[in-house]
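The structure appears right after this line, and notes come after that.
Every read-out reported here was derived from the displayed coordinates using simple, explicitly stated rules and does not represent laboratory data. Note that this is a predicted model, so its numbers are computed, not measured. Because the Cβ atoms are built from the backbone with ideal geometry, glycine has one as well, and the counts that use them run over all protein chains shown.
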Amino acid sequence: MLKIKNLHATVGGKEILKGLDLELEPGKVHAIMGPNGAGKSTLGNVLAGREGFEVTEGSVTFQGRDLLALAPEERAAEGVFLAFQYPVEIPGVNNTYFLRAALNAQRKYRGEEELDSMQFLKRVREKLSVLHIKDELLNRGVNEGFSGGEKKRNEIFQLAVLEPKLAILDETDSGLDIDALRLVADGVNTMRDPERSFLVITHYQRLLDYIEPDAVHVLADGRIVESGGPELAKELEQHGYAWIKDRVTPEA
Ligand code: ADP
Ligand code: MG
Ligand code: MG
C-alpha cells in the first residue's frame, strides 16, 4: 500500500526527517507516536505534498506509484486523505458544496462519473447515519467558527464521504476532550475496511484506548526507531519517551 524508504525531508532548510523507513499494509491501522518535535506532523505534510516540505532523499511508493511525483490534488485523487492538525477555515464557502466539489474533482481525475446533487446528498445522508452525526455542520462555512469538537466531526465526515484508501490523521490530543477523542476513534473504527489504511499520528496514548491499532511505530528525531503491536503504545504510556533517547543514534 505505502512504502517509505530512507525518507529525508527539510522544512525551512532544516532537516527534520532523517532516513525514515515505514511500510503500511492495506486494511490496517498504523499508529505513529513520538515526542514533540520528532517530525510526526512533518511526515503527514510530506505525504500530502504540502508546500514548504522538501524531500531531499528517499522514496515513497503508494500502490506501486511514485507518490512524490504527484501534485497534492493528484495524491488526494489517488486516495490519500490528510486531516490537518489545524484545519483551515474557508469562511463563506458552504461546507457541503466544498466537499462535493472536492469529491467530484477526485472522481473526474480517476475517470469516474461525477455525482449530481441527488446522488451526493444520498451519500451524505448515508455517511451521517453510519457515523451517527447530525447534519448541522453541513451548511456552515468550511470550518468557520467550528469548535475543536466540530472540526473533528467535520474531518471524520469528510473522510467518510471521500472514502480514501489511505487516511492520515494528525492528532495533537491536546485541547480535545474525551467526547472529541471518542468521535475520532468511532469514525476510524467505523471506516475500517480491508482496502483502507489508516496512519494515526498521536502524541499521547490516550486516543489508542479507543482505536486498537494493528501496529505502532515510534518516531524520534526523524526516524522510526521502534515498531510493534498495540502493547508498544501501552509501554510508552507507562514509561514515557525518555528510553527512546537510547535508540536515537547520531548520524555517522
Ligand atoms: P511533531 O509533529 O512530531 O511534534 P513536527 O513535524 O511538527 O513535529 O516538527 C518537527 C520539527 O520541525 C520541529 O523542530 C519544528 O520546529 C520544525 N518545523 C515544523 N514546521 C516548521 C516550519 N514550517 N518551519 C520551520 N520549522 C518547522
Ligand atoms: Mg508538534
Ligand atoms: Mg505534530
- Chain lengthening between residue 51 and residue 15 when straightened (0.36 nm per residue, less Cα-Cα): 11.4 nm
- Task: Could you pull out every residue, at least 5 positions away or on a different chain, whose amide H is within less than 5 Å of the one on residue 32? Hs are placed 1.01 Å off N in the peptide plane, and Pro or chain starts have none.
- Result: 200, 201, 202, 217
- Message: I'd like the orientation of helix 230-239 relative to the chain: the angle between its Cα long axis and the longest Cα principal axis, in ° from 0 to 90, rounded to 10.
- Response: 60 degrees
- For residue 93, residues with placed amide H under 5 Å, excluding near neighbours: 142
- Which cross-chain or sequence-distant (5 or more) residues have an amide H under 5 Å from the amide H of residue 196, H modelled 1.01 Å from N in plane? 27
- Task: Over 26 Å between C-alpha atoms is what I'm after, so list which of 14/40; 108/165; 3/134 land there.
- Result: 3/134
- Task: Quick one: angle between helix 95-109 and the longest Cα principal axis of the chain, in degrees between 0 and 90, rounded to 10, please.
- Result: 70 degrees
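Net charge around residue 82, counting only other residues with Cβ within less than 15 Å of its Cβ (Lys, Arg = +1; Asp, Glu = -1)?
Working: positive: 40, 50, 75, 151, 152, 165, 196; negative: 51, 73, 74, 78, 155, 163, 170, 171.
Cβ neighbours under 15 Å give a net charge of -1.
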- Item | Residues of type aspartates and glutamates that residue 151 reaches as a straight line, Cα spacing below 16 Å, ignoring anything fewer than 8 places off in the same chain | 89, 135, 136, 170, 171, 173, 177, 179, 186
- Rounded tilt (10° steps) of 148-162 against the dominant C-alpha axis of the chain: 80 degrees
- Message: Give the residue list of chymotrypsin sites (Phe, Trp or Tyr not before Pro) in segment 1-108 that are DSSP loop and have at most 15 other beta-carbon atoms within 10 angstrom.
- Response: none
- Within-12-Å neighbourhood charge of residue 217 [Cβ basis; K, R +1; D, E -1]: -1
- Note on the structure: For the pair residue 104 and residue 139, the simple spin-label estimate (label points 7 Å beyond Cα toward Cβ) gives in nm 1.9 nm
- Note on the structure: Of the convex hull drawn through the C-alpha atoms of segment 32-191, the volume per residue in Å³ is 129 Å³
- For the peptides 106-116, 21-31, 121-131, what is the packing order when you average, over each peptide's residues, the other Cβ atoms within 10 Å and list the highest mean first? 21-31, 121-131, 106-116
